[in-house]
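Written out below as structure tokens is the structure these notes cover.
Coordinate-derived values only; no laboratory data. On a predicted model such as this, the values are computed, not experimentally measured, just so you know. Cβ sites come from the backbone with ideal geometry, for glycine too, and all protein chains shown count toward neighbours.
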Amino acid sequence: MQILLAFIAGAAIGIALHFGLPGRGSRGVVLAPMIGAAASGIVWSALTWAGVGIDNPWIWLSALVAPAVVTAPILAVITRARVNADQRERERLGIA
């Protein structure tokens, strides 16, 4: 049941990264929270399967750190790819 807290924390960190990083107009508003929630849930599940209990602070710390470490670079790559693709499409259409 505590994994829901990890999902919520990961989504909240994803939301903060979405609005904190540049280029939010070139990516969907749900992308960052979903990546953050998935990262947090995967780490939580892996640690639970490894035998780490919910009373251990490492599971909670990793559920907060993993979304930030995973989501920020993925958003940077996706944003750069989208901006480049949009620019190529504008050039192809003769708009820019």
- Give the label of the value calculated from the structure for Rg and Dmax of the Cα atoms in Å, choosing from (1) 12.3, 38; (2) 16.7, 60; (3) 12.2, 42. (2)
- Note on the structure: Taking every other residue with Cβ under 10 Å from the Cβ of residue 26 and scoring Lys and Arg +1, Asp and Glu -1, one gets +3
- The distance between the Cα centres of the range 38-71 and the range 13-31, in whole Å, is 22 Å
- Note on the structure: By the mean-Cβ-within-10 Å protection proxy, highest first, 75-84, 8-17 rank as 8-17, 75-84
